[in-house]
Amino acid sequence: MMKFFNNPENKVAVRQLVGWLWVALKGNRRQAIVNAMLGLLGVAVSLCSVWAMQRAIDIAAGAQQGSLHWAVALMAVLILCDFAINISKVWIKNILGVKAQNRMQQQMLDRLLRSEWQAKEKRHSGDVINRLEMDVSTVVVFLTETLPNTLSVLALFVGAFVYLARMDMVLALLTVGILPVFILLSRLYVGRMRMYSRNVRNSDSKVQSILTETVQNRMLVKTLECDDLMVGRLDATHTELRSHVRRRTIFSVISRFILNFGFSFGYLLAFLWSALRLYDGTITFGAMTAFLQLVFRIQSPARDLTKLAPAFVSVFTAAERLMELEEAPQEVQGAPCVMQAPCGIRLEDVCYAYEDDKQNNVIDHLSFEFKPGSCTAILGETGVGKTTLLRLVLALVRPDSGRVLIFNGAVCEDVSPLVRCNLVYVPQGNTLLSGTIRDNLLLGNPHATEDMMREALQKACAEFVFDLSDGLDTKTSESGGGLSEGQAQRIAIARALLRNRSIMLFDEATSALDPDTEHRLLQNVLSDNSKTVIFITHRPAVVDYCSQVLRL
């Protein structure tokens, strides 16, 4: 099977894809088993229905003894059983299927959040969202529905073939004789379709990326008056997508035409053969009806089996795209290392350069100590590495050489994700999420009481929240929409204060505040000498409150 589905043009070997899907199946076994059992039960009901119909027709024609009423009643019972099985399948698909998709999305998102932070993301957020939605759905449907249904399709195929062979071996062989030809042709089909499907999915991701970015930055688009430019970009990407879809569709239509022609020809042969036998009087009308029903029940699963090829193509494409999301190495996992306050940060001959420019260090042989309980202002021109320095302290990136240490009177550790619990970070710009002000504050401390939130807001000079009609339950849209930049900054600082960590990092966090509010806020934040505070700033008022300055 590996050789059959493999294609040199694809990035990931089929063996790797099958291994990844096998691991993904482990979390969805219950739904897959239930679907398989229902499918097999449906096969049994289907074959019994053929027998019941043949018996009822022969009784009506006088070719067999028995009660016609009871024969029809048996058919009715089997029809009701078929209805019940189909309803159960729909219920399982809509309830357990959604649950399975949610679970896989959560697992993928959890892995993304726990992976090492990339200074320059390789993939657009729209592309990532497209993979988490569309590709996860494709994988889950394949594992929980397509694979279990394949078992019932095979069972129906074998059962109908055996049933027909017992009645007429020649007709049974005629019915399945065309299958080997299509199996050989599908080798070409699979390789080409994997390439076409990959191109379509990548173009679809590009479309979502443009839509996401344009909607997120629609104010910028409007003020630059580049509406037509962005719509034009979308149109160009749509054209590319349609082109790939057209190629895939043409190839698929030709393949389906050849396939359906073969099955139709086979059905006509079966009809002619059974009609000739009925004409010769060697079978009854009920037997002819059974013949045609069984031929249909052989060809129907055979058609479904040929659909496995495009199903494998789709799931291999989706699995490959999800595997690419997992390529980023994971951060160190383990119990958080909480250190007693006050803590400090020490840099020892630290060098760091970004991957795309390893020849030029952003941080070059820097040694400095942020003493426990101190307040430091980091100054420097744009691009000299101020934000990069904070990323090193936060263990988002690792130094190429040298060490970044966190210490107190008794302990000294290299910074890592495990000691990140001792820090709190307020980045520049509006960093509020959609929801309520309360929701945003609880990100800092999920267990914070209303009194604690009130105290943090007062300390951050965000008392304006209490004057809003809905107070803490005031809703904000994406990126804090509905609040001014200065209001959003103060709520973000209140969120950081609720986190209550011994080292506080502020990246231009007061840039949108007026001087009076900034003075009050700095006095409130710096009143606790157990905190080590680090400011990236261009504001003279902030520098005046600091005990030391680091110029880059």
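The values are calculated or read from the model by the stated rules, or taken from the named source; none is laboratory data. Predicted, not measured: the structure shown is a model, and the values here were computed from it. FYI the Cβ positions are ideal-geometry reconstructions off the backbone, even for glycines, and counts take in every protein chain you see. Please note that ligands, DNA and RNA were not included when accessible areas were found on the heavy atoms of the full protein model with its side chains. Shrake-Rupley method; radii C 1.70, N 1.55, O 1.52, S 1.80 Å.
General remarks:
- Scanning region 467-483 for residues that are open to solvent by 80 Å² or more (accessible area, probe 1.4 Å), within 10 Å of I437 (Cα to Cα) and in contact (Cβ under 8 Å) with a residue 40 or more places away in the chain returns a single hit, K475.
- Of the listed requirements (1) open to solvent by 60 Å² or more (accessible area, probe 1.4 Å); (2) modelled with pLDDT under 85, L109 misses just one: (2).
- All positions within region 487-512 that are without any contact (Cβ under 8 Å) to a residue 40 or more places away in the chain and surrounded by fewer than 23 Cβ atoms within 10 Å (Cβ to Cβ): Q487, A512
- Test: residue in region 380-401 that is part of a strand (DSSP E or B), under 26 Å from L526 (Cβ atoms) and either more than 30 Å from the chain's Cα centre (by Cα) or not hydroxyl-bearing (S, T, Y) (or both): no
- I95 being β-branched (V, I, T) and touching a residue at least 24 places away in the same chain (Cβ under 8 Å): no
- Residue match in region 439-451 (condition: open to solvent by less than 80 Å² (accessible area, probe 1.4 Å) and in a strand (DSSP E or B)): no
- Subset of region 323-340 that is of a type in the set (A, V, I, L, M) and not in a loop (DSSP other than H, G, I, E, B) - its residue that is surrounded by the most Cβ atoms within 10 Å (Cβ to Cβ): L325
- In region 38-48, the count of residues that are part of a helix (DSSP H, G or I), of a type outside the set (D, E, K, R), over 20 Å from L151 (Cα atoms) and out of contact with any Cys (no Cβ under 7 Å at 6 or more places or on another chain) is zero.
- Restricting region 519-550 to residues that are among the hydroxyl-bearing types (S, T, Y) and open to solvent by 10 Å² or more (accessible area, probe 1.4 Å), the residue that is nearest to A462 (Cα to Cα) is S527.
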